[in-house]
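One structure below.
The values are calculated or read from the model by the stated rules, or taken from the named source; none is laboratory data. The structure presented is a predicted model; accordingly, all values stated were derived computationally and were not measured. Reconstructed Cβ throughout: ideal geometry from the backbone, glycine too, with neighbour counts over all protein chains shown.
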Amino acid sequence: MEKTLSIIKPDAVANNVIGKIIDRFESNGLRVAAMRKIQLTKKDAAKFYEVHKERPFFNDLVEYMTSGPVVVMVLEGENAVLKNRELMGATDPKKAAPGTIRADFAESIEANAVHGSDSLENAQKEIRFFFAEREIL
Ligand code: CMP
């Protein structure tokens, strides 16, 4: 059993598809172990995406991730990190495989509907960033 962090990003929250996205996870063997709807501050978003701080898209990414509420979740299941990434599809929705969350719900490489941890190590860090142990059930 693994745990991974998922974020439903501002575009998908604004498009009112939170339930449709969670259904993709639940229908494919992942379970919501923790969940919260929040408005990130600039400081939160900059810290969360610290690894990308030298990338040219960093400022736009922080702006975008603070442009509206997001839903943060801990997903649990067998091979949860990889399974979540398969369900999300490629970062750029134009390259995402048909039937993936990004192919079906994302607007652009930035407004790409969901975030998912890219490794077990990062999943642990990202889960700790948002959730206390007692909130993960
Ligand atoms: P995410 O999985 O949340 O991790 C970093 C995010 O940066 C990524 O999804 C994209 O939404 C965003 N981003 C914006 N522009 C780019 C780009 N050119 N290449 C990669 N990621 C980008």
Output for Cβ contacts, cut-off 6 Å, separation at least six or different chains, first residue on the phi > 0 side of the Ramachandran plot in the range 31-60, second at pLDDT 95 or above and not in a strand (DSSP E or B), reads none
Going residue by residue through the range 113-121, is there one that turns out to be touching a strand residue (DSSP E or B) at 6+ places or on another chain (Cβ under 6 Å), in contact (Cβ under 8 Å) with a residue 60 or more places away in the chain, closer than 20 Å to Gln39 by Cβ and in a helix (DSSP H, G or I)?
no
Restricting attention to the range 67-76, the residues that are part of a loop (DSSP other than H, G, I, E, B) and either at pLDDT below 95 or within 13 Å of the ligand (Cβ to nearest atom) (or both) number exactly 1
Considering residues that are closer than 17 Å to Val62 by Cα, more than 13 Å from the chain's Cα centre (by Cα) and not hydrophobic (A, V, I, L, M, F, W, C), the number found within the range 1-51 is 7
Of those in the range 98-135 that are exposed (fewer than 13 other Cβ atoms within 10 Å of the Cβ) and more than 16 Å from the ligand (Cβ to nearest atom), the residue nearest to the chain's Cα centre (by Cα) is Arg128
Note: among Asp104, Asp23, Asp92, just one is part of a helix (DSSP H, G or I) and over 23 Å from Phe131 (Cβ atoms), namely Asp104
Checked pairs for the range 1-12, first in a strand (DSSP E or B), second within 12 Å of the ligand (Cβ to nearest atom) and charged (D, E, K, R), C-beta under 9 Å and 6 or more apart or across chains, list as Thr4/Arg85; Thr4/Glu126; Leu5/Glu126; Ile7/Glu126
Checked Asp11, Asp44, Asp23 against criteria (more than 16 Å from the ligand (Cβ to nearest atom) and either of a type outside the set (S, T, N, Q) or touching a helix residue (DSSP H, G or I) at 6+ places or on another chain (Cβ under 8 Å) (or both)); the one match is Asp23
| message | With the structure loaded, tell me whether Ser6 is crowded, with 16+ Cβ neighbours inside 10 Å, within 12 Å of the ligand (Cβ to nearest atom) and among the hydroxyl-bearing types (Ser, Thr, Tyr) or whether it fails that test. | response | yes
Selection from the range 27-64 of residues part of a helix (DSSP H, G or I) and surrounded by 13 or more Cβ atoms within 10 Å (Cβ to Cβ) yields Asp44, Ala45, Ala46, Lys47, Phe48, His52, Phe58, Leu61, Val62, Tyr64
Given (1) within 14 Å of the ligand (Cβ to nearest atom); (2) touching a Lys or Arg at 6+ places or on another chain (Cβ under 7 Å), Val81 misses just (2)
Of the conditions (1) in contact (Cβ under 8 Å) with a residue 24 or more places away in the chain; (2) within 16 Å of the ligand (Cβ to nearest atom); (3) under 13 Å from the mean Cα position of the chain (by Cα), the single one that Glu86 does not satisfy is (1)
